[in-house]
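Notes for the one structure printed next.
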Amino acid sequence: MNLLLNSLLLIHEYVKNSSNISNDQDHLENIIEDMKKEIIRQEEEREALKKTINAYRNEKDFFLSAMNALPYPIFIKNEQAEFVFFNDAYKKYFHISDDEYIGKTVLSLDYLPIEDRENYQDEDLNLIRNGTITNYTKNFQLSDETISATLYWSCGFRSNNSQRGLIGSIVDITAEKNLQAQLGSTIDELTAINIKIEKEKMHDSLTSLYNRYGLSFAINSLDAIRKDENCSICVLFIDLDCFKCVNDIYGHLEGDKILVDFSNILKQTCRENDILIRYGGEEFLAVLVHTDLKAAKEMAERIRICCATNLILPDNKSVTVSIGVVKFRAEEDFEHCLLRVDSALYEAKKNGRNQIVIR
């Protein structure tokens, strides 16, 4: 450009100084002057264009650097659902290069199952056409055969010049999914432990029967049963006779054995829906549902006879029991019922033990 300008200047000087030039000299000088101005204008336009191109390049480099700085895979597709860009994270995630897939659709992604490719292609075209958004979790099998859990998001868009396209991102949530599974497993374990602890808290460790703490929970279950007017509930209060002597004479190990044997007699004699409680020491409660006084007395008698026959001490003496029996009245609470059955037990013990008293 500078060479051409210098040449025109030389022509201008030549024409100006030449004696052979006619009166058209002024006209020629005007033409040359106009050419100089046009050349200068074009030079200015070229400089402005160079600045615009440099600014575009800088803007493009900025955009690419920003996209490549993102830690998760990003891709962009044109209106034909062909890849026009994917960032470094996308290339690294799927182990691909620009040369392999730029200008191609998802149908060319041989690292995906063919069925997935076809579904993605239909989905991409629909999103591009309607400008809509989709997102869901998706598992990808990577080139090293590992399974990666991801959150997949893509959105159809339209630029200012009405050019349509699609942008999408893939966030690897494998670590979060693994942590979620571990937390779920931990929660299950803690739930099982809590259930076990709660059960142990409500049950006597020696006999596995309900303890006093568990009694309150067991009694709550009677409320629904008592609403049935035809349901009769009876309570047995059982005491192992002279049990303190058993511990004093034969030792606590033998005493514990007698307690366990007696609890087994209760379990075998009573029914599955009856509530059995070790109330304290050698005292036991049996809450018999759907049982009238006659049936309760019969069950108490079976327990008494079975104990006298089977609770045998090392010197072949038997351990007997005293039992109080009452019917749980509809108008009373369990505490009042407990007072009445305790009174019946006290009378049985007072009258010589190894007997049943009904109130």
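The numbers here are math on the coordinates, done by the rules we state, and not lab data. Note that the structure is predicted; figures quoted are calculated from it, not measured. Every residue, glycine among them, receives a Cβ derived from its backbone with ideal geometry; neighbour counts consider all protein chains shown.
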Handout entry: Within straight-line cross-link reach of Lys36, aspartates and glutamates at Cα separation under 16 Å, skipping those fewer than 8 residues along the same chain
Key = Glu13, Asp26, Glu44, Glu45
Handout entry: Stretchable slack from Leu222 to Asn316, in nm (0.36 nm times residue separation minus alpha-carbon distance)
Key = 29.8 nm
Exercise for the section: Note the angle between two axes, namely the Cα long axis of helix 212-226 and the longest principal axis of the Cα atoms of the chain, as a number of degrees from 0 to 90, rounded to the nearest 10. Expected result: 90
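By per-residue mean of other Cβ atoms within 10 Å, what is the highest-first order of 42-54, 340-352? Don't jump to the answer; show the numbers that get you there.
Details: 42-54: 10.5, 340-352: 17.2.
Order by mean packing, descending: 340-352, 42-54.
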Fill in the blank from the handout: Low-density loop trypsin sites (Lys or Arg not before Pro), the range 147-252, at most 12 other Cβ within 10 Å, DSSP non-H/G/I/E/B, are Lys227
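Summing -39500 (n - 2.57) over the DSSP H runs of n ≥ 4 in the chain and dividing by its residue number, what mean residue ellipticity at 222 nm do you reach, to the nearest 500 deg cm²/dmol?
Numbers: 11 runs with 194 residues, N = 359.
Mean residue ellipticity, 222 nm, calculated: -18000 deg cm²/dmol.
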Handout entry: Span from the the range 197-219 Cα centroid across to the the range 31-100 one, whole angstrom
Key = 76
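Place a +1 charge on the Cβ of each Lys and Arg in the range 206-247 and a -1 charge on the Cβ of each Asp and Glu, then give the dipole magnitude about the Cα centre in debye, rounded to the nearest 20.
Values: 4 positive and 5 negative charges, 33 e Å.
Rounded to the nearest 20 debye, it is 160 debye.
How high is the relative contact order of the range 84-152, in percent, with contacts defined as C-alpha pairs under 8 Å that are six or more residues apart? Walk me through the numbers on the way to the answer.
Values: 54 pairs, mean separation 15.5, N = 69.
Worked out over the range 84-152, it gives 22 percent.
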Problem - GNM flexibility winner over the chain from Leu142, Leu253, Leu127 (Cα, springs under 10 Å) - result: Leu253
Completion exercise
In degrees, nearest 10, the alpha-carbon axis of helix 293-310 is tilted away from the dominant principal axis of the alpha carbons of the chain by 80
Exercise for the section: Kindly flag which residue pairs out of Lys267/Lys350; Lys196/Lys297; Lys327/Lys350; Lys60/Lys138 have an alpha-carbon separation exceeding 29 Å in this structure. Expected result: Lys196/Lys297; Lys60/Lys138
Problem - Principal-axis tilt of helix 252-269 within the chain, Cα atoms, nearest 10 degrees - result: 80
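Using Cβ counts within 10 Å as a stand-in for footprinting exposure, how do Met299, Met67 rank, fewest first? List each step's numbers first, then the result.
Working: Met299 21, Met67 17.
Ranking Met299, Met67 by Cβ neighbours within 10 Å, fewest first, gives Met67, Met299.
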Completion exercise
Expressed in Å to one decimal, the Kirkwood Rh of the range 57-98 from all distinct alpha-carbon pairs is 10.8
Completion exercise
Residue-ordered couplings for the range 182-193, obtained by feeding phi - 60° into the Karplus form 6.51 cos²θ - 1.76 cosθ + 1.60 and rounding to whole Hz (Gly and Pro as x), are 5, 5, x, 5, 5, 4, 4, 5, 5, 4, 5, 5
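Taking a ≥ b ≥ c as the square roots of the eigenvalues of the Cα gyration tensor of the range 71-177, is the shape rounded (a/c under 1.5), prolate (a/b larger than b/c) or oblate?
Numbers: a/c = 1.69, a/b = 1.47, b/c = 1.15.
Here the range 71-177 falls in the prolate category.
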Handout entry: Structure-derived Cα extents along the principal axes in Å - corresponding label in [x] 88, 42, 39; [y] 62, 39, 38; [z] 162, 45, 36
Key = [z]
